[in-house]
Amino acid sequence: MPKYVFLLWQDESKAEKPGTPGFDTEMGAYGALQQELDKAGAFKAGQPLQPSATGQVVRVRSGSTDASKGTFSSGAEQLIGYYEVECKDDADAASWAAKIPAAAKGAIEVRPVFAM
């Protein structure tokens with residue numbers, strides 16, 4: 001079965017804060033999704049990411065390395081996590097992606113993995 005990567009994009013400044021009822025509800029929704037993916041045998045990997053300010057962007061140009069703090073994205077949404085999931089086809093992938101709680105607040109980028 002083909003693998004897909006789901007990239008979760010959301011505005012970090014609008015994310016639910018730990019210790020709030022909204023955060024607990026959201027984590028419950030992620031837990032339910034995880035159980036559903038596990039039961040279907042579709043989950044392969046995935047993790048939430050630390051805030052974008054903790055990251056860095058590395059570029060090599062003409063043999064020179066530049067590492068700068070922050071995120072690659074300059075838009076309103078930041079990459080907050082990812083899933084790797086086995087899906088039957090593009091429609092199945094879109095169906096799984098729509099169940100990710102971040103889809104209601106941001107966007108889920110669905111990309112097929114290149115089989116090597």
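Key figures for this structure:
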| quantity | calculated |
| --- | --- |
| Solvent-accessible area per residue, Å², over the chain with all protein chains present [probe radius 1.4 Å] | 66 Å² |
| Estimated vicinal HN-Hα couplings, Hz - segment 93-107 in sequence order (Karplus 6.51, -1.76, 1.60; Gly, Pro = x) | 4, 5, 5, 5, 4, 5, 7, 6, x, 5, 5, 7, 10, x, 8 |
| Calculated FRET value between Val58 and Met116, using beta carbons and R₀ = 30 Å, to 0.05 | 0.80 |
| Candidates Gly75, Gly106, Gly22: whichever shows maximal mean-square fluctuation once the chain is modelled as a Gaussian network with Cα springs under 10 Å | Gly75 |
| Most fluctuating residue given options Pro51, Pro18, Pro101, as computed from a GNM of the chain linking Cα atoms under 10 Å | Pro18 |
| Within segment 9-105, GluC sites (Glu not before Pro) in DSSP loop having at most 16 other beta-carbon neighbours inside 10 Å | Glu16 |
| Helical contribution to [θ] at 222 nm, DSSP H n ≥ 4, -39,500 (n - 2.57), averaged over the chain, rounded to 500 | -8000 deg cm²/dmol |
| Virtual paramagnetic centre 7 Å along Cα→Cβ of Met1, amide N under 17 Å, in segment 22-42 | 33-42 |
| Label-point separation, Ala94 to Ser73 (7 Å along Cα→Cβ), nm | 2.1 nm |
| Gaussian network model of the chain, springs between alpha carbon atoms under 10 Å - residue of Asp92, Asp66, Asp11 with greatest fluctuation | Asp66 |
| At most 12 other Cβ within 10 Å, DSSP loop - trypsin sites (Lys or Arg not before Pro), segment 80-116 | Lys88 |
| Carbon and sulfur %, accessible surface of the chain computed with the full protein complex present, 1.4 Å | 56 percent |
| Distance in nm between pseudo-label sites at Asp66 and Asp11 (7 Å out along the Cβ direction from Cα) | 2.9 nm |
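The values are calculated or read from the model by the stated rules, or taken from the named source; none is laboratory data. Predicted, not measured: the structure shown is a model, and the values here were computed from it. So basically every Cβ, Gly included, is an ideal-geometry build from the backbone, and we count neighbours across all protein chains shown. Note: accessible area is taken over every heavy atom of the protein model, side chains too, but ligands, DNA and RNA are not part of it. Shrake-Rupley method; radii C 1.70, N 1.55, O 1.52, S 1.80 Å.
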